[in-house]
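Read through the structure below, which is laid out as C-alpha cells, and then see the notes.
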Amino acid sequence: MKLKHKDDVKAVVDMTPMIDCVFLLLVFFMVSTTFNKQEADISFALPGTAEQSDSVEIPDEQIIQITENGNVFLNDLEYDAPTDSDMPELVKTLILFRQTADANQVPAMITIAPEDNVKQQRVVDVLNACTAAKIANVTFAVGSEDEEI
Amino acid sequence: MKLKKQEEPEASVDMTPMIDCVFLLLIFFMVCATMSKVDQTPEVVLPIAPKAAIPDDLRGRGVVNIVPLGTPVGGGATSEDTPFIIYGQVTDEPGLVKAISERRATEPELRIYMRVDRNAEFKIVKRAIRACANAGIFDIIFGTFQSASAGGGS
C-alpha cells in the first residue's frame, strides 16, 4: 500500500493587513501629537507665611501697576506703549533694579497690581518682562480692601 | 542548442526590520500622546510670552482653566458666579477651593497650573489666585505659548 506522503504545510503568516493597520495607527499618532501646540510656563509665587521668630531679610520690593487700558506704571512712571508687548523700557529698568538689589545682596521682588479689567495677555506681558530681567520673586496684589494675600 | 531557462528570482523583500522600526515609532508616538494629556479646555487661547520656559516635569499639577466670562464650554457656560473650569465642568470659588484642597491632601507638592485665556479679565484670575491661597497653594503657574505661530513652540 502506498503511503500518502504527508505534505509539510509551510507556516506562512500574511502580515500585510497588520502592517497596514500599524501604519495607520502610526500616522494617526504622529498627526495628533503635532496638532498639540506645546505650552510653556511662566510662574510666580504667592507670599507665604514666615515664622515670627525668623529673621527676615527685607527684600527690595517694587510695585508694577497695570491700568485697564494696558498702561504699565512702575513708581508712578509709565513704561512702554500699551500696544507694545515686548516692553523694552520696562525690561531695561527691571534689569537695573535687579542689579542694584544683587549688589546690596537683597532679593529683588516685584509685586504686580493689575486693575480688575486688565486682560490676561497684558499681565503675562509684564510677567514676561520680569522673566526677561531674571527676577524670580514675582507676586500679585490680589487682596480685597487693599489687603495683600 | 539547449537554451538555458532563465530563472526568475523571486522578489522577496525582508520586511522585518521595517516592521520593527514602525512598531518602535508607533509606541513612541503613543506614549507622547498620552503624556501630553492634561486637563485642557480647547476654548482657552493662551497668551504669548516669548521668555516662558517649556517645562520638563509636568507631574503634580492641578489645572484650572479660565475663559472670558460668558464663553460657552462643554460643561455649561461660564458666568460671574461660576467662572472656573475643572475637567470640563464649570465651578465657583468654594468649589475650586474644595477641589484644590482635596487634591492637595493626596499630593502635598501640588502646584496649580492656570490656563487663562488671553482675553480673560484679571478680576477672575484674582479670585482664582485667592482660592489657591485659601487652599494653601502658593506656587502658581500661568500657561502660555512661546510664539504666536501654529505648531510646536520653539
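What to note about this one:
- Around the amide H of B:Ile48, modelled in the peptide plane, lie the amide H atoms of B:Phe145, all under 5 Å away and 5 or more residues distant in sequence or on another chain.
- Separation of alpha-carbon centers, segment B:124-144 and segment A:63-101, rounded to whole Å: 23
- Total formal charge among the other residues, if their Cβ is under 13 angstrom from that of A:Met15, Lys/Arg +1 and Asp/Glu -1: -4
- Shape descriptor for segment A:87-129: Rg over Rh equals 1.06 (Cα atoms; Rh from the Kirkwood inverse mean 1/r).
- 3J(HN,Hα) from dihedral phi, segment B:47-60, Karplus parametrisation 6.51/-1.76/1.60, rounded to Hz, x for glycine, proline: x, 9, 9, x, 8, 5, 9, 7, x, 8, 10, 9, 6, x
- Within chain B, helix-based [θ] at 222 nm, where runs of 4 or more DSSP H residues each add -39,500 (n - 2.57), nearest 500: -10000 deg cm²/dmol
- Packing order of peptides A:67-73, B:41-47, highest average first: B:41-47, A:67-73 (average count of other Cβ atoms within 10 Å over each peptide's residues).
- Restraint check, B:Lys51/B:Lys98; A:Lys134/B:Lys126; A:Lys37/A:Lys134, Cα-Cα greater than 27 Å: B:Lys51/B:Lys98
- Residue mean of other protein chain beta carbons inside 10 Å, B:109-120: 3
- Ranking by accessible area, most exposed first, for B:Ser12, A:Ser85 with a 1.4 Å probe: B:Ser12, A:Ser85
- Nonpolar atom fraction for chain B, defined as the carbon and sulfur part of the 1.4 Å probe accessible area, stands at 58 percent.
- Overall form of segment B:40-154 per C-alpha gyration tensor (a/c, 1.5; a/b vs b/c): oblate
- Rolling a 1.4 angstrom probe over the protein heavy atoms with all chains in place gives chain B an accessible area of 59 Å² per residue.
The values are calculated or read from the model by the stated rules, or taken from the named source; none is laboratory data. Since the structure is predicted, the reported quantities are computational estimates derived from the model, not experimental observations. Neighbour counts run over all protein chains shown; Cβ positions are idealised from the backbone, glycine included. Note: areas computed on protein heavy atoms with side chains; ligands, DNA, RNA excluded. Shrake-Rupley method; radii C 1.70, N 1.55, O 1.52, S 1.80 Å.
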